[in-house]
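Report on the structure given below.
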Amino acid sequence: MFNEKEKLKILADAIKIRTENDNEAKLAKYFQELLKKYGIESKLVHYNPQRASLVCDLDGSKGSGKMLVVSGHLDVVTAGDESEWTYPPFGGEIHDGKMYGRGTTDMKAGLCALIIAMIELKEEGANFKGKIRLAATVGEEVGMYGSKQLVEEGYIDGADGFLIAEPSSSNRIINAHKGSLQYEIIATGKPAHSSMPEIGIDSIQLMVDYINETNKRFAKAFNEAENKQLGKTLNVNTVIDGGTQINSVAGKTILKANARCVPEVNNDKVVEIIEEVISDLNSKNQGKLELNILQNNPNAVSEKDNDLVKAILNSLDKKIPVEALAGATDASNFGRISDKYDLAIFGPGEASVAHIIDEFVEVDDYLKFIDVYKNTIKNYLV
């Protein structure tokens, strides 16, 4: 129904609307007007005045059935120093078969492809059972705010499957990913002159004790349980900041860390280990250790041969592997609604070019995914 030029213009328009960790409401309104033009009403779900997710439904003409949530995020990461880009990061320019711009791969190409597929299915008579629900979210890159809000406000209730258009390339389908727990540990001591450390409390030493003890307990827990597809839980201490000057005992030290968790040693178990260590150390030491959880996104796991994966495979002209993802997506929040659901993370673009200078998506890849999405939806909603 849309010609190639129109499909490319929709993506270029989306790239030109700057949504660097903010301003998603403007892009959501653009998609709202596009959907309305073809008789699909939608709703803006505001996170704040400048940030809004977009939700809409398309009911099939063949009666009741499953509900498939199709989803992508509206935000992008910062473009950084724009002078380092070969082509304007918010220009949506096409060169040598590639469209360049921040968010082309991650993940406006996937989101545009889903929306175009939805409109075309509507124009073709919506020949499927059940319901498609579009969930275009805010704040996925930092915080996963939109998906969390949609779950809490009931917009995801009743979903049977989630098709998330994150870049996977057309050469693999992702059915599972680890959880992500981001947290900080705050060690509070007592500052003193370094020539008289006995009258102070060294927060750096408190933190060293914490790191050594958690490393031992993490190693034991992580090595005792491994997920067949996702592997082991891991924890990485990523930022540490303590002390104010070279001749003073450090009064405060902050450690930031990120755990990537499998179901066997999940986010809750990691938090339990941390809290046990803090309790033990606080009971025997002066000073104080505290845990502050910054972001808590559980794992998302479905069967490798779930119905949605099968629907995708039946839409392709080749066999491709089904794999797990090391990173996290909005499926972390969507999956909170049920213990069992169909999940497929499958979208245009290569994850390796996401967030880089000169991010791009292959034009042919973007265009092909529109038809793949249409066929996948029809194969799933039968």
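Where a number appears in this text, it was derived from the coordinates with a stated rule and is not lab data. Being a predicted model, the structure only gives us computed values, none of them experimental. Here the Cβ positions follow ideal geometry from the backbone for every residue, glycine too, while neighbour counts run over all protein chains shown.
Among 154, 60, 91, which one shows the highest mean-square fluctuation when the chain is modelled as a Gaussian network with alpha-carbon springs under 10 Å?
Looking only at 154, 60, 91, the largest GNM fluctuation is found for 154.
What are the semi-axes of the equivalent ellipsoid for segment 239-352, taken as the square roots of 5 times the Cα gyration tensor eigenvalues, largest first, in whole Å?
They are 42, 18, 10 Å, listed largest first.
Give me the one-decimal Kirkwood hydrodynamic radius in Å for segment 179-297, with the sum taken over alpha-carbon pairs.
15.0 Å
How would 46, 73 line up from fewest to most surrounding beta-carbon atoms within 10 angstrom?
46, 73
Can you give the angle from 0 to 90° between the axis of helix 267-284 and the longest principal axis of the chain, with both taken from C-alpha atoms, to the nearest 10?
10 degrees
What are the semi-axes of the equivalent ellipsoid of segment 34-107, taken as the square roots of 5 times the eigenvalues of the Cα gyration tensor, listed largest first and rounded to whole Å?
Result for segment 34-107: semi-axes of 33, 17, 11 Å.
I need the phi-derived Karplus couplings for segment 362-368: 6.51 cos²θ - 1.76 cosθ + 1.60, θ = phi - 60°, integer Hz, Gly and Pro marked x.
5, 4, 4, 5, 4, 5, 5
Translational D (Stokes-Einstein, µm²/s) of the chain at 10 °C and 1.306 mPa s when Rh comes from the Kirkwood sum over C-alpha pairs?
71 µm²/s
Between 170, 338, 203, which gets the highest mean-square fluctuation from a Gaussian network model of the chain, Cα cutoff 10 Å?
Greatest mean-square fluctuation among the candidates belongs to 338.
What's the lysine pair count for segment 179-297 at a Cα cut-off below 12 Å, pairs eight or more apart or interchain?
4
³J(HN,Hα) across segment 123-135 via Karplus (A = 6.51, B = -1.76, C = 1.60, θ = phi - 60°), whole Hz, x for Gly/Pro?
My calculation for segment 123-135 gives 5, 8, x, 6, 7, 7, 8, x, 8, 9, 10, 7, 10 Hz in order.
Pop out the Kirkwood hydrodynamic radius of segment 111-165 from its pairwise C-alpha distances, inverse of mean 1/r, in Å to one decimal.
This gives a value of 12.7 Å.
If you build a Gaussian network model of the chain, linking Cα atoms that sit under 10 Å apart, which residue out of 150, 281, 234 swings the most?
Fluctuation is largest for 281.
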